[in-house]
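The values are calculated or read from the model by the stated rules, or taken from the named source; none is laboratory data. For clarity, every value in this text was computed on a predicted model and none was experimentally measured. Using ideal geometry, Cβ is built from the backbone for each residue, glycine included, and neighbour counts are taken over all protein chains shown. To get the accessible areas, we keep the full protein, side chains included, count just its heavy atoms, and leave off ligands, DNA and RNA. Shrake-Rupley method; radii C 1.70, N 1.55, O 1.52, S 1.80 Å.
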Protein chains: 2
Amino acid sequence: MEVERKFLVPDPPDLEGAEADEIEQGYLATGADGEVRLRRKGDARLLTAKLGAGLSRQEEEVEIDRDSFDRLWQLTEGRRLHKRRHVLPDGNRRVEVDVYEGDLDGLVVAEIEFDSEEEARAFEPLDWLGEEVTGDERYLNETLATRGPPDR
Amino acid sequence: MEVERKFLVPDPPDLEGAEADEIEQGYLATGADGEVRLRRKGDARLLTAKLGAGLSRQEEEVEIDRDSFDRLWQLTEGRRLHKRRHVLPDGNRRVEVDVYEGDLDGLVVAEIEFDSEEEARAFEPLDWLGEEVTGDERYLNETLATRGPPDR
């Protein structure tokens, strides 16, 4: 089981030199009955299908070739996002800092993954982490790609 | 543009010896915002994404490998159908006769594809074609896979 906490990052730390990947993703379908996403991360081209919502979410990810990716990608117009993901170590954890680009420019979100709910609860947020948005649907990538940045 | 007419077949003609394929399909996502379908037809394993509805529907189909297919297929449970598709020649046209199996056993549907709306309108149904169900959402494969046979 995946336990994550997500935070806004109003004032990012220095990300120069951090391990980073360009991520472009677009949605073929969204919604509770099934979500299908394309993601290009560096040279990897992935298709991910998710079923259900919340804790019982099932997920499968497969690699697809460049030609298939390009053809399917056309159908994601208007449901795409682009971000640069930086990975910062924090003890034995990884903090992923996503810096959004394009229409979502200015948005920076950090995610931390935990092995258990206990560990997640015990986590003391680093001082540069801002408002917690764990579980806030406005900050799901699917929502950001289809509806754009939240009004705040 | 694809123009099709669809008919129920209450009393199928002899299908022995007709060109035929086993088709299994399952849905990763359904709905107006995007439909993503897996189909196994003989040895071919395909993923098809459709966007929009009606005449302006965009569609892309790609082949995927067996392992990827099998992993994604798990997520289609409860949204699958199985049919045997027979192709009967009718002059220079092809009539596809789908004989459904499993939960949809007993349902037989014929589809004819035309080059134009004029040609579609001019078509004189063969005498074994029953009630026309063109455009009837209850007979979309997506509906049949998720809701089962129509109450009639």
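In region B:124-146 there is at least one residue matching the filter, namely being small (Gly, Ala, Ser), open to solvent by less than 40 Å² (accessible area, probe 1.4 Å), within 20 Å of B:Lys50 (Cβ to Cβ) and in contact (Cβ under 8 Å) with a residue 60 or more places away in the chain. Of the residues making up region B:27-47, those that are within 11 Å of chain A (Cβ to nearest Cβ), within 21 Å of B:Arg147 (Cα to Cα) and surrounded by fewer than 21 Cβ atoms within 10 Å (Cβ to Cβ) are B:Gly31, B:Ala32, B:Asp33. Which members of region A:94-103 meet the condition of being under 14 Å from A:Asp21 (Cβ atoms) and open to solvent by 20 Å² or more (accessible area, probe 1.4 Å)? Matches in region A:94-103: A:Arg94, A:Glu96, A:Val99, A:Glu101. Would you confirm whether or not region A:8-21 contains a residue that is closer than 22 Å to A:Pro150 by Cα, assigned to a strand (DSSP E or B) and more than 9 Å from chain B (Cβ to nearest Cβ)? For region A:8-21, residues closer than 22 Å to A:Pro150 by Cα, assigned to a strand (DSSP E or B) and more than 9 Å from chain B (Cβ to nearest Cβ): present. Please work out if A:Gly106 is on the phi > 0 side of the Ramachandran plot and surrounded by 14 or more Cβ atoms within 10 Å (Cβ to Cβ). The answer is no for A:Gly106. Residues considered: B:Arg80, B:Arg57. Of these, the only one that is open to solvent by 80 Å² or more (accessible area, probe 1.4 Å), in contact (Cβ under 8 Å) with a residue 24 or more places away in the chain and either under 16 Å from the mean Cα position of the chain (by Cα) or within 10 Å of another protein chain (Cβ to nearest Cβ) (or both) is B:Arg80.
For region B:22-57, a residue qualifies if it is in a strand (DSSP E or B) and among the small types (Gly, Ala, Ser), and the qualifying residues are B:Gly26, B:Ala29, B:Ala44, B:Ala49. Here region A:127-152 is the region considered, the condition is being outside any loop (DSSP other than H, G, I, E, B) and among the β-branched types (Val, Ile, Thr), and the residue that is nearest to A:Asp98 (Cα to Cα) is A:Thr143.
With the structure loaded, tell me whether A:Ile64 is closer than 21 Å to B:Gly34 by Cα and either touching a residue at least 12 places away in the same chain (Cβ under 8 Å) or at the interface with chain B (Cβ under 8 Å from one of its Cβ atoms) (or both) or whether it fails that test. Yes, satisfied.
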